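To start, the structure itself, in structure tokens.
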Amino acid sequence: MTAEAAVPGRDTVVAGPRRLPGLGNLPAFARDPLGFFVRLRGCGDVVEWRLGPQRALFISRPEHIGELLTGIETVFRHPELGWAFKLVLGDGVVTSEGPAWRRKRALVQPAVRPRQVRSYARTMVECAAELAHAWQPGQSIDVRREMLALTQRIAVRTLFGSDTAGREDVIGSAMDVAQRAIGDEFRGLTLFLPPWVPTPGRRRLRRAVAVIDAEVGRVTGERRRDGEDRDDLLSRLLAARDEEGGPLSDKEVRDEAVTLYIGGHETTGTTLTWAWYLLSRNPVARARLAEELKQVLAGRTPDFDDLRQLPYTEQVVKETLRLFPPVWLMTGIAKEGSELGGLPVPEGTVVWSSQWSAHRDPRWFPDPEAFRPERWDADAVPGIPDHAWFPFGGGARACLGARFAMVEAVLVLATLAQRFHVDAGPGEVAPRTGLTLQPDSAVRAVLRPVEG
Ligand code: HEM
């Protein structure tokens, strides 16, 4: 039952739901991972469960989540990602560990620092304004498709500027095929097939990677030859120098460019999809958003300097990330001597936490299923502990693109929501777990102009 005796002032491990011999909690986890994590949270703050024969811990208390996140790379190990990730992302910052990861993180960071994000904001608004122009009152749309196409365009243009003009779709589609194929590797029987077994999905994946390599190689080669410094991520990667003053090789530039694309495109596109869905179901929040946009923008296109004047729009994004965090699961593997809240964790134990269940903890988020952007009002925030909300992870491996993503989501919403209400159909859309948390069906909606 209990792996540790209760010691006053010290955390204890409690046993999770009943396990099946040999399988442990695997069937319940596989059937409904999100529901299962909520059940685990209900058992206690540190819960022991079993994935097959493997002993694992599930943590829910913000201090523990903070210890896990800030201890990854020191107290815990970052889990290795599979071969499909490696094939697509190469040795970029997401797929690297130890000193190699530290070097890459330092090289990529300047490309996404606040001053740079400010210049990418122009591209974000430009793409959103093009979409606002194309949208027609009364038009019926597939919200997810529209948002993914938009964030794809933003990702390609902020990465490569105008160098991909006319080929944005080629590179964007290849990236998307690769991203979907990585997700497929984590589903069903494919999970158990060794990498050398050919499947149609794997053939698609290899073809997509060949297109990505050719396109990114071409753009990088051209940019190196003309030597021009532009306001895009590619120029920042080409200008980056490590501690010895060395630049990134072509292969390293390729790996980081693909990493930034894959890390940022679907996560932000999905966040925007869920935001429209939630706004459509919460007319009071939607009206307050429209009012803020009307007051601040009065019909003009927003820019980076408007962000400070759009607190409610930002709260809508934060609340969306609370209810539908694209990254819904984080793990770390205990190193020798690891502890959580003073509790020893045996080496090799996999410690799990889940944004989905932690973000629904009624201790910090009363009425947790309700969409309430005002939870994030400045005077309410002190009641929410650090690491109770962690859509971007935290600690040394926190998301490098968190600011990029927040600026993008707020500016896209501001550009589009001042012109259109997106009226989603009456059906409930449930989340589907994969690499990221996706709507399990199309979110169909009709566009209605916002009254002047
Ligand atoms: C709503 C959008 C986003 C969410 C929810 C999100 C979430 C996350 C999370 C949870 C991690 C930590 C993963 C781990 O430790 O295993 C992460 C890492 C990362 N993200 Fe994001 N992300 C988003 C957008 C972006 C964007 C726009 C970019 C690029 C412009 C980006 C680039 C990265 C990179 C490079 C890492 C790896 C950092 C490292 O390992 O040191 N992300 N992201």
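The values are calculated or read from the model by the stated rules, or taken from the named source; none is laboratory data. Keep in mind it's a predicted model, so treat the numbers as computed, not measured. Backbone-built Cβ (ideal geometry, glycine too); neighbour counts: all protein chains shown. Ligands, DNA and RNA are stripped out before the accessible areas are found, and what is left, the full protein with its side chains, is counted by its heavy atoms. Shrake-Rupley method; radii C 1.70, N 1.55, O 1.52, S 1.80 Å.
Quick notes
- Formal net charge of residues neighbouring residue 116 (Cβ-Cβ distance under 10 Å; K, R +1; D, E -1): +3
- When the solvent-accessible area of the chain is split by element, carbon and sulfur atoms take up 56 percent of it, the probe being 1.4 Å.
- Exposed loop sites here mean GluC sites (Glu not before Pro) with a DSSP loop assignment and at most 16 other beta-carbon atoms within 10 Å; the chain contains its longest site-free run at 98-227.
- Whether region 125-172 is rounded, prolate or oblate, judged on the alpha carbon gyration tensor where a/c under 1.5 counts as rounded: prolate
- Hull volume in cubic angstrom per residue (convex hull over the Cα atoms of region 153-240): 112 Å³
- The number of Lys pairs in the chain with C-alpha atoms less than 29 Å apart, excluding pairs fewer than 8 positions apart on the same chain, is 7.
- Only alpha carbons enter this Debye calculation for region 330-452, each as an equal point scatterer, and the log10 of I(q)/I(0) it gives at q = 0.19, 0.20, 0.23 Å⁻¹ is -1.45, -1.50, -1.49.
- Relative contact order (percent, whole number), the chain, Cα cutoff 8 Å, 6+ residue spacing: 24 percent
- Accessible surface for the chain, divided over its residues, is 44 Å² per residue with a 1.4 Å probe.
- Computed over the chain, the per-residue total of -39500 (n - 2.57) for DSSP H runs of n ≥ 4 gives a 222 nm mean residue ellipticity of -15500 deg cm²/dmol, rounded to 500.
- Under DSSP loop assignment and at most 14 Cβ neighbours within 10 Å, longest trypsin sites (Lys or Arg not before Pro)-free interval of the chain: 19-166
- For region 125-209: relative contact order, % (alpha-carbon pairs under 8 angstrom, 6 or more apart): 26 percent
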